[in-house]
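The values are calculated or read from the model by the stated rules, or taken from the named source; none is laboratory data. These figures come from a predicted structure and were not determined experimentally. Cβ coordinates were reconstructed from backbone atoms using ideal geometry, including for glycine residues, and neighbour counts include every protein chain displayed. Accessible surface is based on the protein model in full, side chains and every heavy atom, while ligands, DNA and RNA are left aside. Shrake-Rupley method; radii C 1.70, N 1.55, O 1.52, S 1.80 Å.
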Amino acid sequence: MSKHRVSRRQFLSYTLTGVGGFMAAGMLMPMVRFAIDPVLKAEAGGDFIATPLKIKDITAEPQRVDFTFEQKDAWYTSEVTNTAWVYKDEQDNIVALSPVCKHLGCTVGWASSEDHPDQFFCPCHFGRYTKDGTNVKGTPPLAPLDVYPIQEKDGLLYLGKAEPRTKEA
Amino acid sequence: MKWVSKDIETYLSAKEYVDTAVIPLYSVSFGNEMKQSASSAEFITLLTNYLERQFTGRLMLVPPYTYLKSDQYEDIMNGLKKWEEKIEKNEFKHIFYITSEIEWKNVEDELKGSLIWLPSLPLEYLNESQKMSMIESQVKQLLTLFTQKWHENL
Ligand code: FES
């Protein structure tokens, strides 16, 4: 018999520590993943979603485009519909703006205020944006509308994930 | 804003901008009326969610006031009045009730908030995009109703 006989108490405490360690790891791992995940996602974020809008139908007048995709919320998958305001600017570049007001998130409309027919208008607190998405000084929003990265595939417009506009206007 | 912690956090830091509370009213029944009950609730849920999306920054979508259809009218009403009182006390200037139960139309005047009644549309046979456009056309009319109310009390 060895001198290091493991007593019943010791045995129990060893095993419990072991199990506890496992459990802690089990809890920590997802947390660590949550912490790093956004970074990983940003890198992989090349998901472009097809819209029903044909490139050739895009004009200088902003038009509303709805596009639908699947979104996973915890265990719940649902179809989500997003909206973009799409037009061609003076240089013939396609611009796709997010309709989400940068103040508190209402949905903005193009020319929906009679007094400002050439601006985006937010009905909630009367926020306004010029055609290129720049917030009008003196109205509540403090940042320009987010911009969707765009792609063209088979003559259709594809949109990525809307991003805050980087270059300051 | 929705009744989730993230939105409530935003709400707490921007209270002065969020002056409208929306309360869906659901009746629940079992037996023969169970399906009707569920389909109305589904309709109102979709509709209020869409509405919330349009007006995120100005309205709070409160969890629905749910009652048994077989309950006494007074009890249902008193329960809702208690909600109304609480919500008013918490600085919501405008309260909207949204329901597809026609009965509420008759007792509208007892409530301080505005009651919006919409006939429930059967959504079960529609695909996602048909559903969307249906809800959208309904909500469009609501939008003007809301903006009008906001203008009145400027
Ligand atoms: S949410 Fe658009 S102006 Fe306040």
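Points worth noting:
- A:PHE126 paired with A:LYS56, simple spin-label distance in nm, labels 7 Å along Cα-to-beta-carbon: 4.4
- Take the accessible area of B alone and of A alone, subtract that of the pair with a 1.4 Å probe, and the total buried over both chains is about 1300 Å².
- Pairs exceeding 32 Å between alpha-carbon atoms, taken from A:LYS137/B:LYS2; B:LYS35/B:LYS149; B:LYS89/B:LYS131; B:LYS6/B:LYS149; A:LYS131/B:LYS112; A:LYS131/B:LYS2: B:LYS35/B:LYS149; B:LYS89/B:LYS131; A:LYS131/B:LYS112.
- In the range A:46-95, chymotrypsin sites (Phe, Trp or Tyr not before Pro) in a DSSP loop with at most 14 other beta-carbon atoms within 10 Å: A:TRP75
- The range B:99-154 and the range A:119-169 have their alpha-carbon centroids 29 Å apart.
- Other-chain or far-sequence residues with amide H under 5 Å of B:LEU68's (modelled H): B:VAL28
- Occluded residues from the range A:90-107, i.e. those whose accessible area drops by 40 Å² or more once the chain is not alone (1.4 Å probe): A:LEU104, A:THR107
- Summarised in one figure, the compactness ratio Rg/Rh of the protein assembly as shown, Cα atoms and Kirkwood Rh, is 1.09.
- Computed from backbone phi with θ = phi - 60° and the Karplus coefficients 6.51, -1.76 and 1.60, the 3J(HN,Hα) list for the range A:123-128 is x, 6, 10, 6, x, 9 Hz; x is used for glycine and proline.
- Shielded residues, the range B:44-89 - accessible-area loss of 40 Å² or more between chain alone and all protein chains, probe 1.4 Å: B:ARG53, B:GLN54, B:GLY57, B:ARG58
- Sequence of A:LYS137, A:LYS102, A:LYS161 from largest to smallest accessible area, 1.4 Å probe: A:LYS137, A:LYS161, A:LYS102
- Estimated vicinal HN-Hα couplings, Hz - the range B:25-32 in sequence order (Karplus 6.51, -1.76, 1.60; Gly, Pro = x): 10, 10, 9, 10, 9, 10, x, 4
- In the full protein context, the range B:1-125 carries 54 Å² of accessible surface per residue, based on a 1.4 Å probe and ignoring ligands, DNA and RNA.
- With all protein chains kept in place, the per residue accessible area of the range A:49-159 amounts to 53 square angstrom at a probe of 1.4 angstrom.
- Placing a label point 7 Å from the Cα of A:GLN63 along the Cα-to-Cβ line, the residues of the range A:100-120 whose backbone N sits under 17 Å from it are A:110-111.
- The apolar share of the surface of the protein assembly as shown, taken as the fraction of accessible area on carbon and sulfur atoms (1.4 Å probe, ligands and nucleic acids excluded), comes to 56 percent.
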